[in-house]
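Okay, structure first, notes after.
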Amino acid sequence: QQPVQSPQAVILREGEDAVINCSSSKALYSVHWYRQKHGEAPVFLMILLKGGEQKGHDKISASFNEKKQQSSLYLTASQLSYSGTYFCGTVSVSGGGADGLTFGKGTHLIIQP
Amino acid sequence: ETGVTQTPRHLVMGMTNKKSLKCEQHLGHNAMYWYKQSAKKPLELMFVYNFKEQTENNSVPSRFSPECPNSSHLFLHLHTLQPEDSALYLCASSHPDREQFFGPGTRLTVL
């Protein structure tokens with residue numbers, strides 16, 4: 001069962017912040033975040049493996065609430081280059097090792113100057 | 001060459017043709033994956049290989065046949081496909097429990 005992402009789409013002005021949510025009905029082992037631009041392959045952003053973990057680099061960070069089976073991706077002071085479709089991919093708690101990801105439908109992010 | 005490469009980048013085939021997609025990774029990973037990305041659907045996992053052994057088949061029709069001769073190469077053999085199989089086919093690789101690196105994909109059109 002695929003995770004549910006929200007919102008489906010968001011339009012921001014450059015410099016504004018955005019939050020993208022990913023929610024699963026299954027207990028999760030890990031959450032992976034990717035960004036895909038049109039006509040290109042998905043690019044890895046970050047992976048969260050433990051409950052309550054928060055990670056970040058530059059102006060992109062993410063949190064993982066294992067108890068709620070939810071993850072959120074935070075984009076602060078957005079740049080034009082942040083435009084694209086953001087996907088969360090999940091591995092259920094029975095996983096671990098080499099597991100394929102179950103992806104959400106994606107969140108389309110458009111950054112306007 | 002580094003990263004994950006896929007060939008061909010574009011493929012047009014008839015429903016009676018047989019073709020193969022190739023994926024090669026130069027990252028030293030032991031796990032490789034095939035995903036399908038259709039226009040209005042999320043990325044769908046198709047197959048997982050770990051140390052050359054298939055560990056997951058996500059209920060994929062038998063007209064798709066994967067092959068993993070070694071940890072660096074992954075193939076997807078196609079035969080008697082349907083027009084609804086037209087999609088972007090993405091290969092990825094990873095270490096266990098680590099991020100997956102995707103190739104550029106093969107854009108497949110079935111006529």
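Residues checked against (1) within 11 Å of the chain's Cα centre (by Cα); (2) closer than 29 Å to residue A:37 by Cβ; (3) within 10 Å of chain A (Cβ to nearest Cβ):
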site	(1), (2), (3)
B:4	no, yes, yes
B:7	yes, yes, no
B:18	no, no, no
B:69	no, no, no
Please specify each residue of the range B:75-95 satisfying the condition of being closer than 17 Å to residue A:101 by Cα and within 13 Å of the chain's Cα centre (by Cα). B:88, B:89, B:90, B:91, B:92, B:93
Taking the range A:62-92 only, how many residues are assigned to a loop (DSSP other than H, G, I, E, B) and modelled with pLDDT of 95 or more? 1
Going through the range B:49-65 one residue at a time, which ones are more than 12 Å from every other protein chain (Cβ to nearest Cβ) and buried (at least 19 other Cβ atoms within 10 Å of the Cβ)? B:64
Go through the range B:76-99 residue by residue and tally those that are farther than 27 Å from residue A:48 by Cα and surrounded by fewer than 16 Cβ atoms within 10 Å (Cβ to Cβ). 6
Can you find a residue that is part of a strand (DSSP E or B), among the aliphatic types (A, V, I, L, M) and more than 24 Å from residue A:45 (Cβ to Cβ) anywhere in the range B:18-35? yes
Total residues in the range A:59-108, condition buried (at least 17 other Cβ atoms within 10 Å of the Cβ), out of contact with any Leu (no Cβ under 7 Å at 6 or more places or on another chain), closer than 21 Å to residue B:102 by Cβ and away from every other protein chain (no Cβ under 14 Å): 2
For a quick check of your reading: which strands (runs of 3 or more DSSP E) sit entirely within the range A:1-61 and have at least 2 residues that are among the hydroxyl-bearing types (Ser, Thr, Tyr) and touching a strand residue (DSSP E or B) at 6+ places or on another chain (Cβ under 7 Å)? A:28-36
Report yes if residue B:11 is among the aliphatic types (A, V, I, L, M), in a strand (DSSP E or B) and more than 14 Å from every other protein chain (Cβ to nearest Cβ), otherwise no. yes
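The values are calculated or read from the model by the stated rules, or taken from the named source; none is laboratory data. What you see is a predicted model; the values in this text were computed from it and never measured. Virtual Cβ from ideal backbone geometry, glycine too; neighbours counted across all protein chains shown.
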